[in-house]
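What follows is a single structure, written as structure tokens, with notes after it.
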Amino acid sequence: MTPPTSTAAIATEGLGKRFGEKAALDGLDLSVATGSVCGLLGPNGAGKTTAVRVLTTLLRPDSGRAWVAGIDVARDPAGVRSQIGLTGQAATVDNVLTGRENLIFWARLFHLSPRAAAMRADELLEQFGLTEAADRRAKFYSGGMRRRLDIASSLILAPRVFFLDEPTTGLDPRNRGEVWAALRQLVAGGTTVLMTTQYLDEADQLADTIVVVNGGRKIAEGTPSELKSTIGGDRIDVHVRDTSDLPAAAAVIARVTGSEPEVDAELRRLGAPVSNRVSALTGVVGALADAGVAVEDIGVRRPTLDEVFLHLTDTGNPNTNVKEEVAA
């Protein structure tokens with residue numbers, strides 16, 4: 001049996017995996033285009049890591065089919081492993097070795113000659129911006145440098161498909177930015193990437209397509225913009241000065257926008273979708289002033305992926321496909 005589409009670097013049909021009574025994967029369907037970045041999102045226990053482990057041949061599926069680089073993961077796991085790279089949540093960097101020594105060590109494990117291993121190590125050090133720190137012990141690297149070195153060690157054989165499980169967990173914003181830059185350079189070279197992440201801004205920045213899973217099933221799929229459009233376009237946000245003004249502010253927003261606002265009493269914030277950002281903003285500002293409502297902040301913005309994620313995982317339809325909704 002051949003993959004569903006020849007243009008997909010990763011494809012699954014009805015993928016299932018159970019652990020006792022729990023279905024970690026329950027008919028998961030995926031298709032990741034060659035040369036793209038797919039962000040796999042979902043709450044804890046949704047099946048993200050299980051999907052990665054099946055696709056990288058670390059687990060055998062109980063049902064369904066999966067292909068990576070056109071190779072069936074169950075029928076030819078060795079063939080799949082020859083085409084992929086994997087960086088998990090736990091770092092594999094040896095703190096005693098230098099950056100260069102770490103990469104040479106992994107290259108030799110992949111049976112490269114000493115000369116070829118040294119050349120490949122130098123190439124990766126330059127690609128990931130680690131040349132100046134190449135001869136420094138890894139224990140003195142920053143978090144971002146260690147993660148870049150960890151990713152580089154998974155790319156010794158220049159894989160066609162690269163899997164990252166929570167690539168920037170625990171890193172500060174500067175270090176996360178360093179890893180993002182390294183991944184963008186990797187993708188620019190033609191590598192297909194599938195990554196799981198809990199950071200929604202990370203998926204927004206890096207992913208061409210996002211797949212949201214819950215209960216082991218795909219509940220939504222689309223580009224970041226398509227996903228955001230599912231809960232409306234622009235939104236107006238109002239932060240009132242006094243909690244007692246929330247009812248009056250809610251009435252104003254409902255009247256001007258035609259939508260019942262969401263209210264966060266603890267933060268004294270209200271929000272509602274709007275169709276015309278300029279007229280909505282000026283209308284709400286004027287109406288709030290007329291109603292005597294004191295406002296600390298007001299603005300119009302696009303929905304965030306965090307809001308989309310909460311919306312989908314709280315009320316998501318198991319059959320939701322954002323691409324189909326947008327096309328309709």
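Derivation of every value follows stated rules applied to the coordinates shown; laboratory data play no part. The structure displayed is predicted, hence computed values, not measured ones. Here Cβ is always computed from backbone atoms with ideal geometry, including for glycine, and neighbour counts include all displayed protein chains.
For the chain, the share of DSSP beta bridges that are antiparallel, to the nearest 5, is 70%. FRET efficiency for the residue 18 to residue 58 pair, using the beta carbon distance and R₀ = 25 Å, is estimated at 0.95. Label separation (residue 113 vs residue 181): 3.5 nm, computed from points 7 Å beyond Cα along the C-beta direction. Kirkwood radius and radius of gyration were both taken over the C-alpha atoms of the stretch 88-243, and their ratio Rg/Rh is 1.08. Across the stretch 234-301, Cα pairs under 8 Å and at least six residues apart give a relative contact order of 49 percent.
The share of alpha-carbon pairs in the chain lying farther apart than 25 Å comes to 59%. Going by neighbour counts of Cβ atoms within 10 Å, the residues 172, 165 line up, fewest first, as 172, 165.
Over all orientations, the stretch 234-301 has a Cα convex hull whose mean projected area works out to 3.7 square nanometres. Placing a label point 7 Å from the Cα of residue 188 along the Cα-to-Cβ direction, no residue of the stretch 75-107 has its backbone N under 18 Å from that point.
Binning every alpha carbon pair distance of the stretch 114-184 at 10 Å from zero, what are the percents per bin? Per 10 Å bin, starting at 0, the Cα pair percentages come out as 19, 54, 25, 2.
Over the Cα atoms of the stretch 2-76, each weighted equally, I'd like the Debye log10 I(q)/I(0) at q = 0.11 Å⁻¹, rounded to two decimals. Here the Debye-derived log intensity ratios amount to -0.25. Dividing the radius of gyration of the alpha carbons in the stretch 1-134 by their Kirkwood radius gives 1.05 for Rg/Rh. Given +1 at the Cβ of Lys and Arg, -1 at the Cβ of Asp and Glu and no other charges, the dipole of the chain around its Cα centre is 1260 debye to the nearest 20. Local charge for residue 288 was computed over the other residues whose Cβ lies under 14 Å away, with Lys and Arg +1 and Asp and Glu -1, and equals -2.
Computed from backbone phi, the HN-Hα couplings of the stretch 59-73 come to 9, 8, x, 8, 7, x, 10, 8, 10, 10, 6, x, 10, 5, 5 Hz, rounded to whole numbers (Karplus: 6.51 cos²θ - 1.76 cosθ + 1.60, θ = phi - 60°; Gly and Pro given as x). A Förster distance of 35 Å, applied to the separation of the beta-carbon atoms of residue 223 and residue 158, puts the FRET efficiency at 0.80.
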